[in-house]
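One structure below.
Coordinate-derived values only; no laboratory data. Not measured: the values here are computed from a predicted model. Glycine also receives a Cβ, built like all others from the backbone with ideal geometry; neighbour counts cover every protein chain displayed.
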Amino acid sequence: MELETQEARTLLFLKERGEAWAEEVEREMGLDPSTLMRAVLGLSQRGYLSVREERSFLLSLTEEGRKYAKEGLPERRLLKKLAEGEKPVEELGDREEAAIALGWLRRKGLAEVAEGRVRLTGRGEEALSGEWPEEELLRRLSEGDLSLPALPPEGEVLERRGLVEVKERTRRLLSLTEEGRRVAGEVRLQEEVTELTHEMLVTGRWKEVRFKRYDPSEGVPPLRPGRIHPQQRIIKEVREALLAMGFVEIKSRAVESEFWNFDALFQAQDHPAREIHSNFTLSRPSRTKLPPRDLVRRVARAHERGVEGSTGWGYRFDPQVSRRAVLCSQTTAATVRYLSSHPHPPLKVFCIDRVYRHERIDYKHLAEFYQCEGIVMDEGLTFRDMLGYLKLILTTLGFERVRFRPGYFPFTEPSVEAEVYHPKRREWVEVLGAGMFRPELLRPLGVKHPVLAWGIGLSRLAMMRLGLEDIRDLFCNDLEALQHWGMGGG
Amino acid sequence: MPTLSVNFGDFCSLLGERRKGEELCEKLALMGVEAELLGKELRMEVLHNRPDLLSPEGVARALRGFLGREKGLPSYSASRSGITVRVDRSVKGIRPFIAAGVVRGAKLTEEVVASLMQTQEKLHDFLGRRRKGSIGVYDLDKVEPPLTYTSVEPEGISFVPLDFGESLTPAQILQLHPKGREYGWILQGKKRYPILLDRRGRVLSMPPIINSEDTRVTKNTTSLLIDVTGEREEWVQLGLVLMMTSLAERGFRLQTVRIRYPGRTAETPSLEPRRFELREEEARELLGLDLKAERIAEILRRMRYGVEVKGKNLTVLAPPFRADLLHTVDLLEEVAVGYGYDRIPPRVKGVNTVGRKAGVEELSDLVRLIMVGLGFTEVMTYTLTSPKVNFQMMRTGGEAVEVGNPVSEEFTILRTWLLPSLLGVLRSNRRHPLPQRIFEVGDVVLLDEKAETGAREVRRLGACVIGKGADWSHIKAVVEAVAREFGLSPEARPVDHPSFLEGRAAEFFWKGRKLGMAGEVHPEVLLSFELGHPVASLELDVEALPGKNK
């Protein structure tokens, strides 16, 4: 039978003494009570040890009690005073103390009061010699505290009078059983340690010690690993899928001109999407530099009169409107900027960035969020390739069922919306809008080949992946929540 | 997207057949109309670019074609009503154009009136909330032609406006009538207001605000006069065509009105189709579909176009309400929709390009990896903020990109550094155990006169430690650890910065270039963010770290 170190030490201690009070064991072995109790419990469960409990009362004098032990109890002093003869009540001295003393004497039948005068009774006379039990207890206590197996009545009286303090306690007497004595003969003491140290390893002392056993079910303080934000993980996933398909990544700008944000996308200057309640306008900077005049003129002509057989929007284009600065509302601004400086095929680029919308934040809307947008340009691309690329992208992102619906975007024709089947919600969810850039957009930029363009609602995709209902949770920064967000989403 | 609501029974009678709700919704979706049946109400979401679908009559017209029940150009005939509208010179510069037409033989049931009012409202939204065009509908029998479209002084006339008990002047209408308050902005700055009068000088309406009570349409009305006024002739023509062709779908008869501008006249509405020329190859080139001219023609007829085929060339006539057609690509989309997106076989033509991550993202991902390795958790915060958070609570001042039309006081500028965002995150995590170690790799935006747009984004790494380890030596060790991963050993130079404890902040330099700064955050800043524990922070320019090719 394996014994813990403290169990073994206790056993050896008692082997010498036969029996001992627990407090003695604690004191002499230098153990704290709970450690000893654990050892005692272990030993008695094995039948090596028996424990006898004993109640005792520890009596000690209070400050007042010490005073009376020296001067005598007030009633004793009054008694002595009255032995000189009867006295009027008002001449008994300190009023309060006299009242207490008189009370006691009358309760014991040692004094009586008549017509305002106090005198001893016969029993009072007798009591002048001899010692009351309270006085005896006070005297004994003045020599030192007493431990009594039971509390005597005078002890109770003195406790009530606040002269004596009584502490009740239980002592445990530990004694070895026969079995215990036998085992104690065989026990060899081994040092127990909690930690393996460098010193133990180099000196070899680790062989002599015993390592404290741990309870593996006991709790430990939690560890919090560093983590990538869940929304960032989705962005990374999408980015990597597109890189693997050979797309080149470009960046958009937070502050953009209306020219690139709208005009270059063939969005008429009086288009509802350009109204003040849709986008953030800027008061600073308020004006941007326009691209070369030629480009602005070509874009203006496409708006006013159209290009290549198009009628255009038929209104008067205002370059001052183009110069206004806005917070970028669509990453298409970035892809179209790129197209204008890279008008030759083959080309595949994408952009994942923040865009801004004039929205009050609620569970469905954010004022800034991520968009992912891309284009493919090559000779001979058709709408069939548009659908093919969409399907490829969505399959790569793990969506098995995809369907296409007509859509509308001011800068694409034909336009299409792609929906994926959400197996948990059992419904089709729109995740992607796409189309082929209109000639009115492409020709002014000097692009002569078809361009497929698509945009993923990254927020919606991330919400589906992460199982969110409230769009604000995409920017959740609660550290506990982030810790509990499974790596696989959901 | 605009939403229409119509009684399902009414819609079926417009369609001319009864179908199951579910089946109907599925067909509408393939046409690009998201539909949902809620009890007896059919709710439909229409694409922005199709004002001809802003009425149930228009949707039914399109669907009849889509289902193959009707083909070709919907033809509308209109006789002359003999009514004229004289346009006074004075409306030029105020609201110069008007178009008008007459509808005879109308039977106005409750459903028809509700549908008419909805169409008018949706078209108003489409027409720039009445700015580009506003539509008036009158009981023709209460009007004595000819009419005059002119203008008056703000106090120059008075009449009882619709839904109002007493007679008001135009100026009073703008102040007192709900519609006047709602649409008064369109007339802002005008010295005279537009007005439409009949022969006896009775007011029909004060466009684009309100009609008169006198000409109100009731269930007994059988003849309607409709007018559209606005800033551009194309818009008022289109508005009128859209209204009248919708009503024609209910079997009512149309008549034209003569508009006499100074020096010229026009007969409105003009219901002439628009003409496009299309070649057979164009469908193959754009759509990738090998369709013969006859097949294309058949599809377009189902999409309600008139088509003539000559060899491989097609002459396409588009109904007058199809304002969305600018180019043959728009017709080709009609071919694709008519063919059915679900029947077009997807194909992927290989386009050989090599994928490449943006340099700044490459660096950012590396930095994220290092920070996670150092036990930091990534947070993502908004770039929109306020001067209070970005400057005042940080005990600093400065300049930033400013929003001209903010939605709330919290979001009026773009942040110029990450630290305030991070302290905000720590504030919202106060009830969680310490220490906390967070970082963000994100953009700040700085004003820059030299930049094309007047501002530029800078990618930063920001990090904070609160609780154990929130001291200078630890945060400096983090800066050095990040720098070391990129092969840098930056030099720290003390700096006095109001956001940090004096003597406990430094800027980091490598070969003369500033990488960023770090320090122990000033107690006053901590208290403004309601933080009860010390914070040490760092902020570095990610793009100052050497990338792959440097």
Q: Order by neighbour count: A:Asp385, B:Asp125, A:Asp473, fewest other Cβ atoms within 10 Å first, most last.
A: B:Asp125, A:Asp473, A:Asp385
**Q.** Sorted by Cβ neighbour density within 10 Å, fewest at the top, the residues A:Met29, A:Met463, B:Met44
**A.** A:Met29, A:Met463, B:Met44
(Q) What is the angle, in °, between the Cα long axis of helix A:5-17 and the longest principal axis of the Cα atoms in chain A? Nearest 10 is fine, range 0 to 90. (A) 10
Q. If you find the alpha carbon centre of region B:404-480 and of region A:374-423, how far apart are they in angstrom?
A. 37
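For chain B, calculate the relative contact order in percent as a whole number, restricting contacts to Cα pairs under 8 Å that are 6 or more residues apart.
On the way: 1065 pairs, mean separation 67.7, N = 550.
Contact order relative to length: 12 percent.
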(Q) For a quick check: with amide H placed at 1.01 Å from N, whose amide H comes under 5 Å from A:Thr412's, ignoring anything fewer than 5 positions away on the same chain? (A) A:Arg438
Q. Can you list the HN-Hα couplings for region A:458-472, worked out from phi with the Karplus curve (6.51, -1.76, 1.60; θ = phi - 60°), rounded to whole Hz and with x for Gly and Pro?
A. 5, 4, 5, 4, 5, 5, 5, 4, 8, x, 9, 10, 10, 5, 5
Q: With r as the distance between the Cβ atoms of A:Ser34 and B:Leu374 and R0 = 51 Å, compute the FRET efficiency 1/(1 + (r/R0)^6) and round to 0.05.
A: 0.80
Q: Evaluate the relative contact order of region B:143-280 (contact order divided by residue number), counting alpha-carbon pairs under 8 angstrom at least 6 apart; express in whole percent.
A: 19
**Q.** 3J(HN,Hα) from dihedral phi, region B:315-332, Karplus parametrisation 6.51/-1.76/1.60, rounded to Hz, x for glycine, proline
**A.** 9, 10, 9, 9, x, x, 7, 8, 6, 7, 8, 10, 8, 4, 4, 5, 5, 5
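Test of understanding: given chain A, find the longest segment containing no chymotrypsin sites (Phe, Trp or Tyr not before Pro) that are in a DSSP loop and have at most 14 other Cβ atoms within 10 Å. Walk me through the numbers on the way to the answer.
Numbers: sites that count: A:Tyr214, A:Tyr363.
With chymotrypsin sites (Phe, Trp or Tyr not before Pro) excluded where exposed in loops, chain A gives A:1-213 as its longest stretch.
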(Q) For B:Glu34, what residues show an amide H to amide H distance below 5 Å, using hydrogens built from the backbone and excluding near sequence neighbours? (A) B:Glu45
Q: Determine which residues of region A:243-262 fall in the zone a paramagnetic label at A:Arg323 would reach in this model, i.e. backbone nitrogen under 14 Å from the point 7 Å along Cα→Cβ.
A: A:257-259
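Express in nm, to one decimal, how much length is gained between B:Glu45 and B:Arg69 on full extension, taking 0.36 nm for each residue of separation and deducting their alpha carbon distance. Provide the component values of the computation, followed by the final result.
On the way: separation 24, 0.36 × 24 = 8.64 nm, distance 2.28 nm.
Taking B:Glu45 through B:Arg69 to full extension adds about 6.4 nm, to one decimal.
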Q) In whole percent, what relative contact order does region A:232-485 give with Cα contacts below 8 Å and a gap of six or more residues? A) 21
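If I take R0 = 22 Å and measure r between the Cβ atoms of A:His344 and B:Glu543 in this structure, what FRET efficiency does the formula 1/(1 + (r/R0)^6) give, to the nearest 0.05? Walk me through the numbers before you get to the answer.
Working: r = 29 Å, r/R0 = 1.31.
FRET efficiency, A:His344 to B:Glu543: 0.15.
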Q) Using modelled backbone amide H atoms (1.01 Å from N, in-plane), which distant-in-sequence or interchain residues come within less than 5 Å of A:Asn279's amide H? A) A:His358
Q: May I ask you to sort A:Ser175, A:Ser310, B:Ser77 by Cβ crowding, counting other Cβ atoms within 10 Å and putting the fewest first?
A: B:Ser77, A:Ser175, A:Ser310
Q: Once you have the Cα-Cα distance between A:Asp294 and A:Thr281, take 0.36 nm times their residue separation minus that, and quote the gain in nm to one decimal.
A: 2.1 nm
Q.
7 Å from Cα along Cα→Cβ at both B:Glu213 and A:Glu199: what's the point-to-point distance in nm?
A. 10.4
Q.
Please compute the modelled spin-label separation between B:Lys312 and B:Phe8, points set 7 Å along Cα→Cβ, answer in nm with one decimal.
A. 4.9
Q. Using 20 Å as the cut-off for backbone N distance, which residues of region A:79-102 belong to the label zone defined by a point 7 Å from the Cα of A:Trp132 along Cα→Cβ?
A. A:79-87, A:89, A:92-102
(Q) I'd like the distance between the alpha-carbon centres of region B:136-191 and region A:185-228, rounded to an integer number of Å. (A) 93
Q) Any idea how far apart B:Glu362 and A:Phe475 come out in nm if each label point goes 7 Å out from Cα toward Cβ? A) 3.0
Q: Output ³J(HN,Hα) for region A:163-175: one whole-Hz value per residue in order, computed from phi by the Karplus curve 6.51 cos²θ - 1.76 cosθ + 1.60 with θ = phi - 60°, and x for Gly and Pro.
A: 9, 10, 9, 10, 10, 9, 8, 10, 10, 10, 9, 9, 9
**Q.** Over the protein assembly as shown: helical MRE at 222 nm, DSSP H runs n ≥ 4 each giving -39500 (n - 2.57), nearest 500
**A.** -9500 deg cm²/dmol
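Among DSSP bridges having both ends in region A:232-485, what percentage is antiparallel? Round to the nearest 5.
Numbers: 40 of 43 bridges.
That works out to approximately 95 percent antiparallel.
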Q. Can you list the residues of region A:278-294 with backbone N under 12 Å from a point 7 Å past the Cα of B:Glu402, pointing along Cα to Cβ?
A. A:282-286
